[in-house]
Structures are given as C-alpha cells and as structure tokens.
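Just so it is clear, none of the values below were taken in a lab; they were calculated from the coordinates. Just so it is clear, the structure is predicted and the values come from calculations on it, not from any experiment. Note that we place each Cβ from the backbone using ideal geometry, even for glycine, and neighbour counts take in every protein chain shown.
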Amino acid sequence: MKYILGTKEKMSQIFDEDGNSYPVSVVSAGEVVVTQVKTKETDGYNAVQVGYGDRPARKINKPLKGHLKELGNFTDLREYRGETEAKVGDKFEISLFAKGDKVKVSAISKGKGFQGVVKRHGFGGGRRTHGQKHSEREAGSIGGGGRAGGRVAKGMRMAGRMGSDRISVRNLEILKVDRDQKKIYIKGAVPGKPGTLIEIRG
C-alpha cells in the first residue's frame, strides 16, 4: 500500500493536450518518515506509523520526544494497518505516485457550526402561505403519541453541529505530480479547507 501526507493548498484547473480543462485540488505533499513499525507479535496487529510536518522542539512533550527520538519534530502522526517491509527511519516522497493513479483521500471536512435542518439535512421547510408566519425553515413535528410511544426516536434528524467530520473519497485520479515543487494535483475536490492535513493512499 502506498501512502503519503500533505497539506491542502487550493483548487485550480489544468489543461490536457487537447485543451480540455479539469478541476484539480492542489496538495503540497512533503516526505513522511516511518516512526514505528508494529507487528502482530508485539502489538497484536501489523501497522506502520509515519510522521509528517515540522514544529519547534519546545512544543513537543517528553513522552513524544522519547518516542520519536532523533527522527524529527513532527506535527502529525498517522498509522496505517497492514504488513510492511518498511523500517523505522525510512522516508517516503511523492515519487511513489504517478499521473493516472487512483487514490483514496481522507481529511477533516470544513466545520459549519450549528445549523438548522434545512442546511444540515436538506429539509424543505414549511409552507410560505396560508397562515404560516415564521415556519419557513422549521423542522416540523418530531414525534407525538402515535410515533415511538410519545418520545423522540433515536436518530431523529434535527438541528445541530455540522461539518468537522472525517471524510474519505475513493477513486480520485492524480492528474499531475510536480516533484520539484512537491505538489500533487488531484482531479476534483478533496475534503477540508486550505491548510487541512490530507491523507493520500494508493
């Protein structure tokens, strides 16, 4: 399995040889360093842990310093399950990926705060006429005596916090890999806002 971490920059467009334009998400993907290799014998499962980014050493606590040793002062650690031949200290770069690869992208989506049911769940809202005054975006009935025994049923779609969820999008295509600038151009949109940590897996 191929994997790398990066930072979302922006959306743009690129053109092919025939002049067709494609929307792309630009991801700045630096190298990742293997910080730990877990095995079934020692940890109960096989996995590899990698570190990405850089931050001041003063912002890393002592337990994490002892874990990372001299490998680096990483901002993020991620773990990927599966057997691997990688060793602690190995480095992976964007050269693992090439144009035309299909990848799975995971990230935290944009946070939208507390939202009503129309925005959060796509409800139609109430009627605009015939005596309705302030019910354009109300949720309407949420239960009653004839439904769920007079209580609010579990899973009822209501207003609440929206966004800031971990989203994974499969089968996205890489249209360009710029090894000099360390950027990957992925066709279409990826979750998150500019600056969001992006996980790319092949």
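Numbers below:
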| read-out | value |
| --- | --- |
| Using a Förster distance of 35 Å, the FRET efficiency for residue 81-residue 114 (Cβ separation, nearest 0.05) | 0.50 |
| For segment 42-78 versus segment 106-153, the gap between their alpha-carbon centres in whole angstrom | 44 |
| Furthest towards positive pole of dipole, 142, 188, 163, structure part the chain, Cβ charges | 142 |
| Cα-centred dipole magnitude for segment 116-158, charges only on beta-carbon of K, R (+1) and D, E (-1), debye, nearest 20 | 100 |
